[in-house]
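Chemist: Structure provided below as structure tokens; questions to follow.
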Amino acid sequence: MTSSSSTPVIEGWFTTGPEPRLIGSRCTACTTVYFPPVPGNEGYCRNPACDGEVFETAELSRRGRIWSYTDAQYQPPAPYIAPSDPFVPFALAAVELPEGLTVLGQVAEGYGVDDLSVGAEAELVVETLHTDETGERTVWRWKPVTELGEEADQ
């Protein structure tokens, strides 16, 4: 099959291109940032000390520190669509961003738990999650940041 397009699995949650970013929401009253974004930028602020109800779109930092990680050895239930059959285990990382929130995501293709450590830097990348009849469906992932001289992109 030839891919005719590449689109995000979830529209509005991240940008694409050479420097992709997650898209969150910032409460206009207390500036607390949330991910995923608040639909329509209207709702209730989850900060118990704030009664804000209006949000603005906020592009989040591309880099953060690994807060925790694990190995997903079982296939998640639907609506997850495995990119291969049989299922291939993958790593998950929770990355703490400078905005003060922690975002969970798969680890970039070619990396596993042996490449991760708590406190290490990771950056956001966008990769293909699966391909269907209309093209590639992309998702954000966390790629470990390596120092110059260490192993580069895989």
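Chemist: Could you list the square roots of 5 times each eigenvalue of the Cα gyration tensor of region 56-141, that is, the equivalent ellipsoid semi-axes, sorted largest first and rounded to whole Å?
Modeler: In descending order the semi-axes read 23, 17, 11 Å.
Chemist: Let me check against my output: what whole-number percent is the relative contact order of region 78-153, with C-alpha pairs under 8 Å and at least 6 apart?
Modeler: Relative CO of region 78-153 lands at 27 percent.
Chemist: Here is a follow-up. Students sometimes get this wrong: rank ASP71, ASP114 by accessible area, probe 1.4 Å, all chains present, largest first.
Modeler: ASP114, ASP71
Chemist: For labels at ILE23 and GLU127 in the simple 7 Å Cα→Cβ model, what's the distance in nm?
Modeler: Computed distance between label sites ILE23 and GLU127 equals 2.4 nm.
Chemist: Beyond 24 Å, what share of the Cα-Cα pairs of the chain remains, rounded to the nearest whole percent?
Modeler: The share of Cα pairs beyond 24 Å in the chain comes to 40 percent.
Chemist: Additional query: Show me, for region 103-118, the HN-Hα J-couplings you get by feeding each phi into the Karplus relation (A = 6.51, B = -1.76, C = 1.60, θ = phi - 60°), rounded to Hz, glycine and proline as x.
Modeler: Calculated HN-Hα couplings, in order: 10, 8, x, 5, 8, 3, 3, x, 10, x, 4, 5, 8, 10, 8, 4 Hz.
Chemist: Now for a separate question. Could you tell me the relative contact order of region 4-139? Use alpha-carbon pairs under 8 Å, at least six residues apart, and round to a whole percent.
Modeler: 27 percent
Chemist: Report, in whole Å, the centroid distance computed from the Cα atoms of region 45-62 and region 114-143.
Modeler: 25 Å
The values are calculated or read from the model by the stated rules, or taken from the named source; none is laboratory data. It should be emphasised that the depicted structure is a prediction, and the values quoted were computed from it without experimental measurement. Cβ coordinates were reconstructed from backbone atoms using ideal geometry, including for glycine residues, and neighbour counts include every protein chain displayed. Areas reflect the complete protein model, heavy atoms only, side chains present, ligands, DNA and RNA absent. Shrake-Rupley method; radii C 1.70, N 1.55, O 1.52, S 1.80 Å.
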